[in-house]
1. If the requirement is being among the aliphatic types (A, V, I, L, M), in contact (Cβ under 8 Å) with a residue 40 or more places away in the chain and more than 21 Å from Ala19 (Cβ to Cβ), which of these qualifies: Val219, Val208, Val150, Val183?
2. With the checklist (1) within 23 Å of Leu90 (Cα to Cα); (2) touching a residue at least 24 places away in the same chain (Cβ under 8 Å) in hand, flag the one item Asn163 doesn't pass.
3. Listed residues Asp243, Asp195, Asp191; which is more than 15 Å from the chain's Cα centre (by Cα) and either closer than 30 Å to Ala157 by Cβ or open to solvent by less than 30 Å² (accessible area, probe 1.4 Å) (or both)?
4. Hey, among the residues in the stretch 92-127 that are acidic (Asp, Glu) and in contact with a strand residue (DSSP E or B) (Cβ under 9 Å, 6 or more places away or on another chain), which one's least open to solvent (accessible area, probe 1.4 Å)?
5. Kindly provide the set of residues from the stretch 171-191 that are part of a loop (DSSP other than H, G, I, E, B) and over 16 Å from Asn121 (Cβ atoms), ordered by number.
6. Taking the stretch 72-91 only, how many residues are modelled with pLDDT under 95 and open to solvent by 60 Å² or more (accessible area, probe 1.4 Å)?
7. For the stretch 240-269, name all the residues that are touching a strand residue (DSSP E or B) at 6+ places or on another chain (Cβ under 8 Å) and not hydrophobic (A, V, I, L, M, F, W, C).
8. Name the residue that is farthest from Glu236 (Cα to Cα), counting only residues in the stretch 25-63 that are open to solvent by less than 40 Å² (accessible area, probe 1.4 Å), in a strand (DSSP E or B) and of a type in the set (A, V, I, L, M).
Amino acid sequence: MSNAPPNCRWISLNEALSAFAENASGHQGAAHIKPLHWYVACRLVVEGGFHPDDLTPRPPFAVVQRGRNRLLEHVPALGSSGERTILGGLKTKDVDVVVEKRGIGPVLAVSMKGTLNAFRNLTNRMEEAVGDCTNLHISYPALVYGFLQVIRANREAPGVSPNDVAICQNGEVSDAISRYHDVLARLAGRDDLRDDATKYEAVALALVTPDAPQVGEIVQTFPPEESPLLIGSFFEKLYRQYDLRFIYAAPRLESVPRRLTWDSQSPAFQDNRNLDYRPRLGDSERG
């Protein structure tokens with residue numbers, strides 16, 4: 001039996017989060033978070049307009065040019081596994097999902113963390129997140145870097161350790177989760193490459209329901225509506241910063257980093273998938 005990691009697949013957010021929340025492996029390994037890597041990589045192609053050849057792990061798509069039309073095809077055999085090693089200012093870093101442009105280098109990256117329990121220790125792990133961000137921004141100040149944290153929403157109940165409780169009996173999040181949210185919020189919102197290198201361009205925090213029949217669903221009551229950590233705006237923040245830095249600020253290079261658009265008749269969009277995001281459609285001359 002091969003021990004090679006499974007290749008990237010085109011899955012929904014609910015599938016990815018269900019694998020995380022159910023955690024079939026039963027421990028804090030990589031298997032329960034890998035499907036989220038696949039989801040992010042595929043979304044960056046379908047919604048973000050990045051060429052699948054530029055991504056690690058490589059999403060299972062092919063780009064076909066037919067006249068003026070650019071079509072996206074879903075080809076499962078083209079998906080691959082792996083992380084991209086980036087040369088940071090202090091050390092190399094293996095990053096979960098990376099978009100890299102020839103002649104420019106890594107332009108967009110997303111690191112993901114999944115936490116199943118022991119929430120009291122969450123804030124202690126922030127040193128690693130700050131260090132990773134600073135390390136990469138030293139070498140690549142223009143890098144658009146996102147951090148996505150998912151937490152299993154264990155509810156207070158008999159037999160559940162207080163340190164493993166994310167949601168209390170009254171429906172409020174635990175103090176540990178609330179404190180962690182406040183720390184993460186301070187790391188979000190780097191809007192310019194001259195800004196603080198310790199901050200990410202976008203940060204998202206999501207609590208994931210582990211219990212049937214809502215397993216894999218995101219808890220809607222936290223973070224609050226005014227939070228900068230809502231997953232609903234995470235990808236849009238990444239795209240906006242990418243366009244500002246690599247498209248509008250560099251018109252002579254615009255043809256290289258330009259985000260692509262897909263023809264609405266692309267084979268990939270004909271299988272009635274229930275996507276939780278919109279494909280980036282438009283005239284091929286647009287991108």
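1. Selected residue: Val183, the only one of Val219, Val208, Val150, Val183 that is among the aliphatic types (A, V, I, L, M), in contact (Cβ under 8 Å) with a residue 40 or more places away in the chain and more than 21 Å from Ala19 (Cβ to Cβ).
2. The single condition Asn163 does not satisfy is (1).
3. Asp243
4. The selected residue is Asp96.
5. Listed by number, the residues that qualify are Gly171, Glu172, Arg186, Leu187, Gly189, Arg190, Asp191.
6. Of the residues in the stretch 72-91, 6 are modelled with pLDDT under 95 and open to solvent by 60 Å² or more (accessible area, probe 1.4 Å).
7. Residues satisfying the conditions are Gln241, Tyr242, Arg245, Pro257, Thr261, Asp263, Ser264, Gln265, Ser266, Pro267.
8. Ala62
The values are calculated or read from the model by the stated rules, or taken from the named source; none is laboratory data. Every value quoted in this text rests on a predicted model; they were computed, and no experiment measured them. No Cβ is skipped: glycine too gets one built from the backbone with ideal geometry, and neighbour counts run over all protein chains shown. These area figures cover heavy atoms from the full protein model, side chains too; ligands, DNA and RNA do not enter into them. Shrake-Rupley method; radii C 1.70, N 1.55, O 1.52, S 1.80 Å.
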